[in-house]
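The values are calculated or read from the model by the stated rules, or taken from the named source; none is laboratory data. Everything quoted here is computed from the prediction, not taken from an experiment. Positions of Cβ are backbone-derived with ideal geometry, glycine not excepted, and every protein chain shown enters the neighbour counts.
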Amino acid sequence: MNDQVKFPKSEFANVSQDAEDFIKACLVKDPKTRPYIKDIISHPWITGIKDGVVTKDVQLKAAQNIRTFK
């Protein structure tokens, strides 16, 4: 994980911890320690699944999409 990346609360107040973790993982400079693409695409922020359960972020987004679908 890339602990050097900082997320100012004023700009990232509405960003989930999963999203922050995903961004940190993608910004690792050293290719030897950077996650493989298979790990990136299976990240909970991408799949919406964490510990076998659909995350609240995905549920909320799905609900928003359903409400605005025309």
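Considering only residues that are charged (D, E, K, R) and over 23 Å from Gln4 (Cα atoms), look in region 20-56 and name the one that is surrounded by the most Cβ atoms within 10 Å (Cβ to Cβ). Residue satisfying both the conditions and the ranking: Lys50.
Scanning region 20-70 for residues that are part of a helix (DSSP H, G or I) and charged (D, E, K, R) yields Glu20, Asp21, Lys24, Lys38, Asp39, Lys56, Asp57, Lys61, Arg67. Working only within region 1-19, note down all residues that are surrounded by 14 or more Cβ atoms within 10 Å (Cβ to Cβ) and either in contact (Cβ under 8 Å) with a residue 24 or more places away in the chain or part of a helix (DSSP H, G or I) (or both). Once the filter is applied, which keeps residues that are surrounded by 14 or more Cβ atoms within 10 Å (Cβ to Cβ) and either in contact (Cβ under 8 Å) with a residue 24 or more places away in the chain or part of a helix (DSSP H, G or I) (or both), region 1-19 yields Asn2, Ser16, Asp18, Ala19. Listed by first and then second residue, the pairs linking a residue in region 28-51 that is closer than 18 Å to Asp18 by Cβ and of a type in the set (Phe, Trp, Tyr) to a residue that is at pLDDT below 90 and surrounded by 13 or more Cβ atoms within 10 Å (Cβ to Cβ), with Cβ atoms under 6 Å apart and 6 or more places separating them unless they lie on different chains, are Trp45/Asp18; Trp45/Ala19; Trp45/Phe22.
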